[in-house]
Protein chains: 2
Amino acid sequence: MVARWQPDARGRLLRAALDLFTERGYDATTAAQIAERAGLTKTTLFRHFADKREILFQGQETLVALAASAVAEAPRDASPFELLDAGVRALCSIHADDQREIGRQLNPLIAESAELRERAIFKRAAITDALRSALAARLDDPRLASVLADAGIRAYYDGFDAWVESTDDVPLEHVVLRELAAYEPLLPASAD
Amino acid sequence: MVARWQPDARGRLLRAALDLFTERGYDATTAAQIAERAGLTKTTLFRHFADKREILFQGQETLVALAASAVAEAPRDASPFELLDAGVRALCSIHADDQREIGRQLNPLIAESAELRERAIFKRAAITDALRSALAARLDDPRLASVLADAGIRAYYDGFDAWVESTDDVPLEHVVLRELAAYEPLLPASAD
């Protein structure tokens, strides 16, 4: 059997999974059905993802790496809030053109499934932790890093949800940074 | 068959589960084995818990309710930090005498199992959310409530872990409140 390269297999599996979960429910959909809908084999699906759930949460490692390196590479004289701002901007940078449509399908699925909710919270905790570690390395103050990372991740998620629900023609980053700005007066201004 | 009242069935199942998970590993232990070790029937186990995992996370609802009502019932003139302090104290109040020993067994199990880690993070998020909602109701400022709740829950968990690992004869509350005090200078002093 010749293994053929499948263009955008991961994206096709995501769209097929979202459609099937929406039509039939998360529990009633099998990995085989998702692969078929995407025009791929089950083997291809399992080469990319451990199970059907993971299809929805692809891209986590990329997000984590982007946020961490943006903080690490921010200017040396950046304030704590500027470091956070750099990390949060990076989180907004990798979203696909159809991310809003994906969010509109994904959010109700997560709200309805305990299993998906649990995975979504796990992903959020992993991103928070990566941002916190990167900030702690720069600030040399783990508690300050924690307070900043927690607020930054809230701004990112709340901004993302507001953006998904709105019909305004604005980029994700715009909504997230507006939310982050609302946190700024609540956050410590310096590391001392 | 006569249903007999089983004194402290939940506590006995917890101890049996911790011992068996430690001896044989989490995956290799069945609910039937846990019930047998606890001297109970499988039916009794499933009357109390949906699955073996939930045995380890019992008490979450009580923690959530205690923290929320402590914040709701704090004095009318309490500052934002005093409201948070009331909630975090309440989280420390229900721990059993043998909680430290339970923590010593439980923490390594959670570290080794992705399934348990995921459930632990879910529990933490639920407690954070309850504390955040209670603070938001008092402060009328959801972002301030979020920043406070996030720091308070970090102080609670980090204090708990430090207490479990230490051999000092001090109460849990002592270690947690010391950790919370270290966050105080990083938190906003008032709602305005």
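In the set A:PHE21, A:PHE49, A:PHE81, only one residue is of a type in the set (Phe, Trp, Tyr), over 20 Å from the mean Cα position of the chain (by Cα) and under 28 Å from A:ASP129 (Cβ atoms); that residue is A:PHE81.
Scanning segment B:9-34 for residues that are closer than 23 Å to B:ARG117 by Cα and among the small types (Gly, Ala, Ser) yields B:GLY11, B:ALA16, B:ALA17, B:GLY25, B:ALA28, B:ALA31, B:ALA32. In segment B:141-151, the residue that is farthest from B:ALA86 (Cα to Cα) out of those that are within 7 Å of chain A (Cβ to nearest Cβ) and small (Gly, Ala, Ser) is B:SER146. Just one of the numbered conditions (1) more than 11 Å from chain A (Cβ to nearest Cβ); (2) under 20 Å from A:ALA125 (Cβ atoms) is not true of B:ARG154: (1).
Only one of the listed residues (B:ALA149, B:ALA181, B:ALA130) is under 22 Å from A:PRO188 (Cα atoms), in contact with a helix residue (DSSP H, G or I) (Cβ under 7 Å, 6 or more places away or on another chain) and part of a helix (DSSP H, G or I). That residue is B:ALA149. Here A:ARG143, A:ARG132 are screened, and the one residue that is surrounded by 16 or more Cβ atoms within 10 Å (Cβ to Cβ) and either under 23 Å from A:ILE110 (Cα atoms) or without any contact (Cβ under 8 Å) to a residue 12 or more places away in the chain (or both) is A:ARG143.
Remark: A:LEU186 falls outside the filter, which requires a residue to be within 13 Å of the chain's Cα centre (by Cα), aliphatic (A, V, I, L, M) and surrounded by 16 or more Cβ atoms within 10 Å (Cβ to Cβ). The set of residues in segment B:181-192 being more than 10 Å from chain A (Cβ to nearest Cβ) and among the hydroxyl-bearing types (Ser, Thr, Tyr) consists of B:SER190 alone. The set of residues in segment B:158-180 that are within 11 Å of chain A (Cβ to nearest Cβ) and either of a type outside the set (D, E, K, R) or under 20 Å from A:ALA155 (Cβ atoms) (or both) contains only B:LEU180.
Yes or no, residue by residue, for (1) under 25 Å from A:ARG124 (Cα atoms); (2) surrounded by fewer than 17 Cβ atoms within 10 Å (Cβ to Cβ); (3) at pLDDT 90 or above:
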| position | (1), (2), (3) |
| --- | --- |
| A:LEU13 | yes, no, yes |
| A:GLY25 | yes, yes, yes |
| A:GLU36 | no, yes, yes |
| A:ILE55 | yes, no, yes |
| A:ALA70 | yes, no, yes |
| A:PRO80 | yes, no, yes |
| A:VAL88 | yes, no, yes |
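Against the numbered list (1) surrounded by fewer than 19 Cβ atoms within 10 Å (Cβ to Cβ); (2) touching a residue at least 12 places away in the same chain (Cβ under 8 Å); (3) under 25 Å from A:LYS52 (Cα atoms); (4) more than 9 Å from chain B (Cβ to nearest Cβ), A:ALA111 comes up short only at (2).
So if I check each of B:ALA126, B:ALA120, B:ALA134, which one is more than 7 Å from every other protein chain (Cβ to nearest Cβ) and farther than 20 Å from A:ASP158 by Cα? Give the derivation first.
On the way: B:ALA126 fails: farther than 20 Å from A:ASP158 by Cα; B:ALA134 fails: farther than 20 Å from A:ASP158 by Cα.
From the options B:ALA126, B:ALA120, B:ALA134, the qualifying one is B:ALA120.
Any idea which of A:ARG178, A:ARG104, A:ARG154 is surrounded by fewer than 19 Cβ atoms within 10 Å (Cβ to Cβ), modelled with pLDDT of 95 or more and basic (Lys, Arg)? Quick ask: steps written out before the conclusion?
Numbers: A:ARG104 fails: modelled with pLDDT of 95 or more; A:ARG154 fails: surrounded by fewer than 19 Cβ atoms within 10 Å (Cβ to Cβ).
Testing whether each residue is surrounded by fewer than 19 Cβ atoms within 10 Å (Cβ to Cβ), modelled with pLDDT of 95 or more and basic (Lys, Arg) leaves just A:ARG178.
The values are calculated or read from the model by the stated rules, or taken from the named source; none is laboratory data. Everything numeric here is computed off the predicted structure, so don't read it as measured data. When we count neighbours, we look across all protein chains shown, and the Cβ atoms used for this are built from the backbone with ideal geometry, even at glycine.
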